[in-house]
Amino acid sequence: MAIQQSETPHLQIIVRRLLLIVLLAAATAGCSKDDGPAQHIASNAAEVVLRYEAGAEASFTVTASGPWSFSTTGEGFEVSGPAVGERGETTLTVTATEENTGLQRRRLGSITLQLDNGAASAEVTIEQNTSTAPQTLLMYMPWSGNLTSYFEQNIADMAKTVAAGYLGDTRLLVYFMPNDTQALLYELYYDNGESVRLDHRTCDPAPDFTTAEGIATILGMVQQTAPAERYAMTIGSHGMAWLPVSGIYSRPSAAGAREREYWEYESEGAALTRWFGGTSDRYRTDISTLAEGIEQAGMEMEYILFDDCYMSSVEVAYDLRHVTRHLIGSTCEIMAYGFPYADMGRYLVGEPDYENICESFYRFYSTYQWPYGTIGVTDCAELERLADIMKRINAGNVFDGSQLGELQALDGYSPTRFFDLGDYVRHLCTSPTLLAEFEEQLARTVPYHRHTEEYYSMSGGARPIETYSGITTSDPSTSEATLQKQQTSWWKATHE
């Protein structure tokens, strides 16, 4: 009994000490939670860039661990939202109070975010774009009949590029015709992780996009709406390279039967592909007319991207050499889905990255449900030199028609309309020195190109690609559809 009485106080001391240690640990943990990394305030944007006009708005989201407030420095903008923020997420909206009429983006000031307990703070810079953007990109989608839903998908995909914040200072305008008489001109811009649509004009009736005057009018609206130092455009529609709108390729052949065009195979369950214009003469635009319209508008393009079949053609590029620095297009039919803007849109805005434009196109189509895709980028400044060499080759060589079946065809027609340019010249030219000169110049003229193992045609299905230079020619074609090739600028420059 005496032993029990002597041990009890000792046990009580041990228990009390253990309890004190537990309480101290809990208190220490509590202090760490209140005063450590959990005390934070942050914005989802380090800077907010307003559009150039007064009244332009942009939003950002604040995330905080507790109550907070904000203060501003600078002028030319206002901030709306709760005067005092709470724990969690809060949205603030910045509004421009003045127009930026200068030639450069300007800094208006900043917003300082501060936790009420002073444990953390963050700063957001406020800037405003100039009314003259470094670049305006136009997505031009004239009426094409059966491709409307695909155009809407293209726009939605490009909106993903905007929402991801890749647009930067570039302004993105869309000219879209939902039917054959009406056109909508609107802008997509970035706001707080989203792509926002701003409607500018509704044209009803729309300008006639098959005339140079109509095209110049459309481009004039673009200039007025989004003036820029540089312009670029994508064109969504069907396409048939340089072939004229005259309809000669739809006339009956000598045998009496009219050759069917690729879009006419849709009803037979073939995968749908594209054209420059609609499926009838009424909605088609000649390449020379497009060039004239751009020239009338005074808008030399950084690039024209043809989201249409067969438009990476030397005859097309030569016609456009004075109105665009680069031409991007497919040598073959392109699937109706068109260019994968969600993947490649980031490379189209700002300083164009032509190599990655081709690479992203290839990556998409190499794994697409219809794995067929060809693309080429032509540097139009190199075309005159290419034409000069081609003229010397033609002066000393005549193509042997018996070799026609050996050439790399890049369409599904019979007779073939479009052949690989590099392969054609290799079969034509008998001078090793002149051929080497041509090959070197062709590499400079079409510096970027990619292709899947096969190309696809609605009329002929999938066919292999054995050799590929990224650009086609109709020079050796015997098709009645190409009878007017001798009237093209390319033919005249290389044969006369």
**Request:** Please work out which one of (1) surrounded by fewer than 22 Cβ atoms within 10 Å (Cβ to Cβ); (2) in contact with a Ser or Thr (Cβ under 9 Å, 6 or more places away or on another chain); (3) not hydroxyl-bearing (Ser, Thr, Tyr) is the condition residue 490 fails and give its number.
**Result:** (1)
**Asked** So, in the stretch 302-327, of the ones that are among the hydroxyl-bearing types (Ser, Thr, Tyr) and part of a loop (DSSP other than H, G, I, E, B), which residue ends up nearest to the chain's Cα centre (by Cα)?
**Response** 312
**Message:** Among the listed residues 470, 461, identify the single one that is exposed (fewer than 15 other Cβ atoms within 10 Å of the Cβ), in the same structural domain as residue 309 (by TED's automatic domain parsing) and at positive phi.
**Reply:** 461
**Asked** Of the numbered conditions (1) buried (at least 22 other Cβ atoms within 10 Å of the Cβ); (2) touching a helix residue (DSSP H, G or I) at 6+ places or on another chain (Cβ under 7 Å); (3) polar (S, T, N, Q), residue 135 satisfies every one except a single condition; which is it?
**Response** (2)
**Complete:** Restricting the stretch 153-177 to residues that are among the small types (Gly, Ala, Ser) and within 18 Å of residue 226 (Cα to Cα), the one nearest to the chain's Cα centre (by Cα) turns out to be 159
**Residue within the stretch 396-406 that is surrounded by fewer than 20 Cβ atoms within 10 Å (Cβ to Cβ), small (Gly, Ala, Ser) and either touching a residue at least 60 places away in the same chain (Cβ under 8 Å) or outside the structural domain of residue 365 (by TED's automatic domain parsing) (or both) present** = yes
**Prompt:** Which of (1) within 20 Å of the chain's Cα centre (by Cα); (2) at pLDDT below 95 does residue 242 not meet, given it meets every other one?
**Reply:** (1)
**Item:** Any hit, the stretch 80-94, residues being in a strand (DSSP E or B), within 30 Å of residue 308 (Cβ to Cβ) and modelled with pLDDT under 95
**Value:** no
**Message:** One residue is enough: does the stretch 473-487 have a residue meeting the conditions part of a strand (DSSP E or B), within 26 Å of residue 338 (Cβ to Cβ) and either under 31 Å from the mean Cα position of the chain (by Cα) or modelled with pLDDT of 95 or more (or both)?
**Reply:** yes
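The values are calculated or read from the model by the stated rules, or taken from the named source; none is laboratory data. A quick note: this is a predicted structure, and the numbers were derived from the prediction, not measured. Ideal geometry is used to build each Cβ from the backbone, glycine not excepted, and the neighbour counts take in all protein chains shown.
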